[in-house]
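What follows is a short report on a single structure.
No value in this document is a laboratory result; all are computed from the given coordinates. Quantities reported herein were computed from a predicted structural model and do not represent experimental measurements. Please note: Cβ atoms are built from the backbone with ideal geometry, for glycine as well, and neighbour counts cover all protein chains shown.
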Amino acid sequence: MMADNGTMGLVLLAFGLGSLLMMPLSGMLAARFGCRLVFTTAAGLVLATLPALVLTDEPSSLGTSLFIFGAGIGAMDVVVNIHAVRVEKLAGRPIMSGFHALFSIGGIAGSGIASLLLSYGFTPLLTVSLLIAGVLLLLLRTAGRLLREPESTDAPLFALPKGIVILLGFLCFIAYIMEGAMLDWSGILLTSENHVNAQHAGIGYILFACAMTAGRLSGDRLIKAFGRFRIFLFSSLIATLGYGCVIVGGHLMIMLAGFFLIGCGLSNLVPILFTAAGRQQVMPGALAVAAISSIGYSGILLGPALIGAVAHLYSLAWAFMLVTIMSLCLPLCSNIMRQR
């Protein structure tokens, strides 16, 4: 059954709503019952829902499946960051950026494997089934090594974010808007300015993604050498400079350099913010990580709509200018990393 663009927009929104609603709840569950139980349950929910996304074409059923799938993904995202914060504390050295680098690599590997299987004539259902089997094998080998103990047996089931946690969430919100702008609008910006044709519109995002992955792979060593405050300040300035290049650069090479700088700058900001959330003393670490995940993820949901609205009223260049102005909050607030 075919659906119009408006209906498909609402269907796709179900994924984001499921994730956003589950994020704070998963933090509460992880604090009370431990990361292993919550993560494996959420992973099982995601794998069980995947076939329905391939087999379902009726909008209401697809929307329901996407809502459940999004809830599982949101829970996994929060719990894996809670687990990473705890492991980093146990390790006694910076390792958070490495975890986020593996997230980036996993995204590239997953999309590449799926595209390869489909290009060889595998049906969507068979492709998904093979991916499910692969993930199950990984879970069987690794799930037993996840931390089982809860953060605290008397952790509250609900706590409103406050103080430093709200500020960290706001900074995460801005970082995700900056990242979402690259994902959703970089290609449109390049083609609208007639810098590239439609077939090569993805070159900006490819540069951004490669720079972000490389930055995360080297991030832990840089943080160990120079400290979180300096890396956060320097990275946020690089990201803002990159947006400046994208806005003012009338030449393709300047804009591409801007995309590369944005990827380098953003690569370690969110990992540092998650580490800071786990170290603050205002509220339990698991709940704080869940809170800034929820606030930050709303930036991914609201960012594209905000940029689209400004682009409609003025221009896409003005929308990117607004994101650049927002990005200035990151270096201005970087001193909190020294305090954490």
Packing-based exposure ordering (other Cβ within 10 Å, fewest first) of I295, I231:
I295, I231
Mind checking the log10 I(q)/I(0) for region 182-336 at q = 0.10, 0.12, 0.20 Å⁻¹? Debye, one equal scatterer per Cα, no solvent, two decimals.
-0.38, -0.55, -1.32
Sequence ranges 218-227, 178-187, ranked by mean other-Cβ count within 10 angstrom, highest first
178-187, 218-227
Among 44-53, 75-84, how do they line up from the highest to the lowest mean number of other beta-carbon atoms within 10 Å?
75-84, 44-53
Checked region 223-291 against the a/c 1.5 cut and the a/b vs b/c comparison, axes a ≥ b ≥ c from its Cα gyration tensor; verdict prolate
Mean Cβ-within-10 Å packing, highest first, puts peptides 37-43, 132-138, 59-65 in the order 37-43, 59-65, 132-138
How far apart, in nm, are two points set 7 Å out from the Cα along the Cα-to-Cβ line at A143 and at M253?
5.3 nm
By the DSSP-based rule, helices of the chain that are at least 20 Å long along the axis (C-alpha) and have a mean Kyte score of at least 0.0 are 5-33, 35-55, 59-91, 96-119, 124-142, 164-192, 203-226, 228-248, 252-266, 285-313
Cα gyration tensor of region 112-248 diagonalised, 5x eigenvalues square-rooted, in angstrom largest first, produces semi-axes 32, 30, 16
Quick one: work out Rg over Rh on the C-alpha atoms of the chain, Rh as Kirkwood radius.
0.96
Cα-based equivalent ellipsoid, region 46-152: semi-axes from gyration tensor eigenvalues, Å:
30, 18, 12
Is the shape of region 199-261 best called rounded, prolate or oblate, per the rule: a/c under 1.5 gives rounded, else a/b larger than b/c gives prolate, else oblate, with a ≥ b ≥ c the square roots of the Cα gyration tensor eigenvalues?
oblate
At I206 and Q281, where each label point lies 7 Å from the Cα along Cα→Cβ, what is the point-to-point distance in nanometres?
5.0 nm
Any idea how far apart L313 and S119 come out in nm if each label point goes 7 Å out from Cα toward Cβ?
4.3 nm
Hey, fewest Cβ within 10 Å first, where do Y120, Y314, Y205 land in order?
Y120, Y314, Y205
So what is the 222 nm mean residue ellipticity for the chain from helices alone, if each DSSP H run of at least 4 adds -39500 (n - 2.57) and you divide by all residues, rounding to the nearest 500 deg cm²/dmol?
-28000 deg cm²/dmol
